[in-house]
Amino acid sequence: MTFLDNNLPEASKAFTDMRSAIFRKNSLDLKVKELIAVASAVLMRCDKCVKIHAERAKENGATEEEIAEAIAVAMFIAGGSQLHWTDAYDEIFESSYL
């Protein structure tokens, strides 16, 4: 974040402070939080974020299988979110038979 550090240091610090507030052990441990971040990064289509959070998840004890499962959950949510578009087609084709 050198660009932000140099040009918007307050914004850069706020982002760093937010990360520090979230990525600490509370109700969820760091491994779980990083696995959530992996799945979220997949959904946001941020390759760099996936890499960073997968590495951090691994550093916090996640296995390859756990990281793969987090990615699979994201794939399921992404795919499932598209199923609702079929409702529009049901309505279109239903009305053509009336």
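Here the extension length gained between Leu43 and Ile92 equals 14.7 nm, from 0.36 nm per residue of separation less the Cα-Cα distance. Dipole check for the chain: with +1 at the C-beta of Lys and Arg, -1 at the C-beta of Asp and Glu, and the Cα centre as origin, the magnitude is about 600 Debye.
In this simple spin-label approximation, Asn60 and Ser27 carry label points 7 Å from Cα along the Cα→Cβ vector, and these lie 1.5 nm apart.
When peptides 85-92, 47-54, 11-18, 33-40 are sorted by average Cβ neighbour count within 10 Å, with the highest value leading, the order is 33-40, 47-54, 11-18, 85-92. With each label modelled as a point 7 angstrom along the Cα→C-beta vector, the Arg19-Met1 pair spans 0.6 nm. Inter-part distance, segment 43-98 to segment 1-36, computed on C-alpha centroids, equals 24 Å. Comparing Phe76, Leu28, Ala41 along the charge dipole axis of the chain, the residue lying farthest to the positive side is Leu28, per the Cβ-charge model. The lysines whose alpha-carbon is closer than 18 Å to the alpha-carbon of Lys33, local same-chain residues fewer than 8 away aside, are Lys25, Lys48, Lys51, Lys58.
Values in this text are rule-based calculations from the coordinates and carry no lab data. All of these numbers come straight from a predicted model, not from anything done at the bench. Glycine gets a Cβ as well: all are built from the backbone with ideal geometry, and neighbour counts include every protein chain shown.
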